[in-house]
1. PRE reach from Gln152 (point 7 Å along Cα→Cβ): which of the stretch 54-82 fall under 15 Å by backbone N?
2. Taking the Cα atoms only, what angle lies between the long axis of helix 44-64 and the longest principal axis of the chain, rounded to 10 degrees?
3. I want to verify a result. In a Gaussian network model of the chain, Cα cutoff 10 Å, which of these has the top mean-square fluctuation: Ala334, Ala206, Ala279?
4. Work out, step by step, the length gained on full extension between Tyr98 and Ser314: first 0.36 nm times the residue separation, then minus their alpha carbon distance; give nm to one decimal.
5. May I ask for the angle, rounded to the nearest 10°, between helix 326-341 and the longest principal axis of the chain, with both axes built from Cα atoms and the value confined to 0 to 90°?
6. Counting alpha carbon pairs within less than 8 Å and at least 6 residues apart, what relative contact order, in whole percent, applies to the stretch 95-219?
7. Return the loop-located chymotrypsin sites (Phe, Trp or Tyr not before Pro) in the stretch 114-220 (DSSP other than H, G, I, E, B) with at most 15 other Cβ atoms within 10 Å of their own Cβ; answer none if there are none.
8. So what's the net charge close to Arg75: Lys and Arg +1, Asp and Glu -1, counting the other residues with Cβ under 10 Å from its Cβ?
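The values are calculated or read from the model by the stated rules, or taken from the named source; none is laboratory data. Everything numeric in this text was worked out from a predicted model, so none of it was measured. Every residue, glycine among them, receives a Cβ derived from its backbone with ideal geometry; neighbour counts consider all protein chains shown. Each accessible area value is taken on the protein alone, full model and side chains, heavy atoms only, with ligands, DNA and RNA left out. Shrake-Rupley method; radii C 1.70, N 1.55, O 1.52, S 1.80 Å.
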Amino acid sequence: MTTCFEFQEAGYQVTLIDPDPISGATHHAGGMLAPTAEVQYQQHDLILLMKESARLYPDLLQRVSKYTDLPTGYRTDGTLLIGADRADGMHVAELIKYMHLKDLPVDVLTTRQARAAEPALSPRISKVVSIDGDHQLSPRLYARALLDAILQRGAEHIADAVISIDGHDPCLTVTMNSGVRVASKSVVVLAAGLGAASIPGWFEGANPLQLRPVYGDIVRVRVPERLQPMVTKVVRGFVEDRQIYIIPRTDGTLAIGATSREDHPQPRTGAVHDLLRDAIRLIPGIEETEFIEVTCGARPGTPDDLPYLGWVGSNVIASTGYFRHGILLSALGARAAVDMATNQPLFPTLDVCDPFRHQI
Ligand SMILES: Cc1cc2nc3c(=O)[nH]c(=O)nc-3n(C[C@H](O)[C@H](O)[C@H](O)COP(=O)(O)OP(=O)(O)OC[C@H]3O[C@@H](n4cnc5c(N)ncnc54)[C@H](O)[C@@H]3O)c2cc1C
């Protein structure tokens, strides 16, 4: 939908073909726009893409807000990265060195300073870093706002699944359950998340997109009125080497996530237990919250954790494989698809996103 929006900004007429536009990974996502707190060793190119996309976000949101009054849950309160025990603290200290190396700005706080800013934090924490530039939004709200904005601007929405994309311009056809749409003088952007792996027609031989589901359990709870706001910043932590995040929403709820596993798509009881135990270890007051739901989403993973973004045929662009950072990377992915279609220079690091790089 961000891609639809950016094509409209560039003057294109847009058709969104999706049976249920807010049902995929986006429905489950945390919504951290966090190039720094989410940094991982050995992912230099991904870091550059994430930084660039974070830079584009404020302007994108400002432009979207011209076409819809719906909220996005965007918050710029920042993020705290916390090590729980001493070993976790050493882990965070190592990460700080890496963040400095990658030119990612962070402020080291004493635990006293951190607890003055966020009194709900446990006194039993060993290392805290404040990251002002890591923001967040609520993906479900944002997706609804985007859908509203693109429809307000005249996009057509066909609530159907694409079965194949065949042919070449000017006879490029998009086949759906309900019929065929000829896409002459058009650009088709294949942005169906994991679903892109099962849409044939545009490639010869084996599908070059090596997408796999990486499941994530995420819990949502409501903070009782008397404890509001429990925290104002996103809290990202390591607890006995396990990763956890707690995201405060504007509606008084918290999202607590997320696992990363490749077994089955149902929420796993042990995962819920781990998430809640680790979240309570960092913010004990979470014990007092009301449980809302647990869901499990499937991230569209790729073998090297980088997206697939580029031309894959005559007038077809693939834009998928956004894995753990697709909410953040959507700003750059959408912009890049328009730049490709209009022959504009691309952000240089996008070379690494060649959709054919894993073709056998
Ligand atoms: C638990 C969890 C937490 C996450 N947290 C974050 C986070 O904090 N920050 C972040 O940046 N990212 C996060 N992510 C990752 C992020 O959610 C994904 O990378 C992103 O949502 C991918 O967006 P997408 O539009 O490519 O795919 P999806 O959101 O999966 O959407 C795919 C769409 O394609 C449609 N579709 C599928 N097949 C077809 C077809 N044949 N025809 C037509 N339409 C089709 C579907 O209906 C769906 O609407 C998280 C993911 C999970 C699961």
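1. Once the point is set 7 Å along Cα→Cβ of Gln152, 60-73 turn out to lie under 15 Å by backbone N, inside the stretch 54-82.
2. Helix 44-64 sits roughly 80 degrees off the main axis of the chain.
3. Ala206
4. 73.6 nm
5. So the inclination is approximately 30 degrees.
6. In percent, rounded to a whole number, it is 13.
7. Filter output for the stretch 114-220: empty list.
8. +1
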